[in-house]
Amino acid sequence: MNHRSSIGRAWTWVPSLFFTEGLPYVVVMTIATIMYKRLGLSNSATAFYSSLLSLPWVIKPLWSPFVDIFSTKRRWIVTMQLLMAASFAAVALVLPGALYFKASLGAFMIVAFLSATHDIAADGFYIIALTERAQSYFVGIRTTLYRAAMIIGQGPLVILAGYLEIRYDSIPHAWATVFYLLATTLSILAIYHTIVLPHPASDIPHRTSRVSHVWAEFADTFRTFFTKDGIISASLFMLLYKLPEAQLQRMISPFLLDCPASGGMGLSTSQVGMVYGTLGVIGLMAGGIAGGMTVARGGLRKWIMPMAWSMSLTCLTFVLLCYVPSPSLPLINTCVFIEQAGYGFGTTAYILYIIRFSRGARSTSHYAICTGIMSLGMMLPGMAAGWLQQVMGYGPFFIWTMVCCIATIIVAHSVLPRIDS
């Protein structure tokens, strides 16, 4: 198959595959937070449990080798999508019931494990199903479709939930309808991928691998990673660079939803879908694109500190919203857009650094470990964010996130000497 026909065939599955990869992630990480807040959970419970749901992405390097050993990546992809559809349907079924919280939380955790496994299979399938030239061609497209899933998940789906809350006069039934829609969407995508995903000759399970050999390779992967030069400063960077954002991100939706008497902005569900889920994600994408273009011209060494300051200083927008009397909706929109754009711009340095740190032998496995550490750095502070906010109040909490920006600046400066350019 020539390059042009290979590219043409890949257009039928690459965009849809990475849209599917992004959708369950945004549902578990963001939509669940908004839904639980609307169902009456406290900020401490909402932040703790929604952060806990990121655990599968923290530990996914532990089972990633087994995706290669058992079955094909194509079969893993389709199976995970069908199981995620069933899990979303389970969430919809239990929401109107008395035990909705424990049952839905369990279903979300299952979705998180399925989604993390789907990520492993989809990323591996992308490598074996496309030539290197085609991989380069589609790298921006796959990222764009992943971000598009974030916009649809945090934007239109949340706006729809807000509309249905009013129409049904029932928050549980409104969100159940949204999850039935998600279940249907994932089912259709699974059927579609059953038809259109290619069958690469190299997509075969490595059944001949001995268990002892697998575990030896597994152990050596971690040994070589944690003996890398500069591992201490790199690990601290991966854990602490996003310390302020790890807490802030967990409280943005509750802050926008809470009534002014509680220190919040008093927005409706649909307004949050527009402000944070749509304009905020557009700001995040714009910041990321600007960051990539900036580093491409000046190099990471030149821009890592400005990016760390950008992500830190834009947290001030939420301090501003707390202390401006009766902020208008345009001001709220502007502040959320600026903060998310600064977050996207600052995250560029973070991602590029861990890519560079992963270079060398076992780069794929080492990158997976880096992303696991990154997720841990988001999960642990996020779990405490709701409790801190309830103890402090929104204004002091957002000031606290600004104090935490000191860690971002310190760890960014600590890795600076080891960055070539």
Taking region 255-274 and keeping only residues that are surrounded by fewer than 19 Cβ atoms within 10 Å (Cβ to Cβ) and out of contact with any helix residue (DSSP H, G or I) (no Cβ under 6 Å at 6 or more places or on another chain), one is left with Cys259, Pro260, Ala261, Ser262
Quick check: is even one residue across region 46-55 touching a residue at least 24 places away in the same chain (Cβ under 8 Å), of a type in the set (Gly, Ala, Ser), crowded, with 21+ Cβ neighbours inside 10 Å and farther than 30 Å from Ser358 by Cα? yes
Only one of Pro65, Pro96 is in contact (Cβ under 8 Å) with a residue 60 or more places away in the chain, outside any helix (DSSP H, G or I) and surrounded by fewer than 22 Cβ atoms within 10 Å (Cβ to Cβ). Can you tell me which? Pro96
Determine whether Ser253 is under 22 Å from Gln389 (Cβ atoms) and of a type in the set (Ser, Thr, Tyr). yes
All but one of (1) crowded, with 21+ Cβ neighbours inside 10 Å; (2) not in a helix (DSSP H, G or I) hold for Gly291, so report the exception by its number. (2)
For region 219-246, how many residues meet the condition of being loosely packed, with under 13 Cβ neighbours inside 10 Å and either touching a Lys or Arg at 6+ places or on another chain (Cβ under 9 Å) or touching a residue at least 12 places away in the same chain (Cβ under 8 Å) (or both)? 1
Filter pass, Ile59 being open to solvent by less than 10 Å² (accessible area, probe 1.4 Å) and part of a helix (DSSP H, G or I): no
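Taking the criterion of being within 19 Å of the chain's Cα centre (by Cα) and outside any helix (DSSP H, G or I), would at least one residue in region 42-55 satisfy it? Steps first, answer last, please.
First, the residues of region 42-55 that are within 19 Å of the chain's Cα centre (by Cα): 46-55.
The next check asks that each one be outside any helix (DSSP H, G or I); those that pass are 53-54.
Yes, that holds for at least one residue.
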Under 8 Å between Cβ atoms, at least 6 apart or on separate chains: pull out the pairs that start in region 149-178 with a residue that is closer than 16 Å to Val28 by Cα and end on any residue that is open to solvent by 50 Å² or more (accessible area, probe 1.4 Å) and of a type in the set (A, V, I, L, M, F, W, C). Ile151/Ile282; Gly155/Met274; Leu157/Leu181; Ala176/Leu93; Val178/Leu160
Considering each of Phe101, Phe125 in turn, give the residue that is farther than 15 Å from Thr185 by Cβ and buried (at least 20 other Cβ atoms within 10 Å of the Cβ). Phe125
Out of Ile69, Ile77, Ile59, report the one residue that is within 22 Å of the chain's Cα centre (by Cα) and at pLDDT below 90. Ile59
Pick from Lys302, Lys228: which is part of a helix (DSSP H, G or I) and more than 30 Å from Gly395 (Cα to Cα)? Lys302
Filtered residue count, region 229-273, keeping only those that are more than 30 Å from Arg359 (Cβ to Cβ) and hydrophobic (A, V, I, L, M, F, W, C): 11
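The values are calculated or read from the model by the stated rules, or taken from the named source; none is laboratory data. Keep in mind it's a predicted model, so treat the numbers as computed, not measured. Positions of Cβ are backbone-derived with ideal geometry, glycine not excepted, and every protein chain shown enters the neighbour counts. Note: accessible area is taken over every heavy atom of the protein model, side chains too, but ligands, DNA and RNA are not part of it. Shrake-Rupley method; radii C 1.70, N 1.55, O 1.52, S 1.80 Å.
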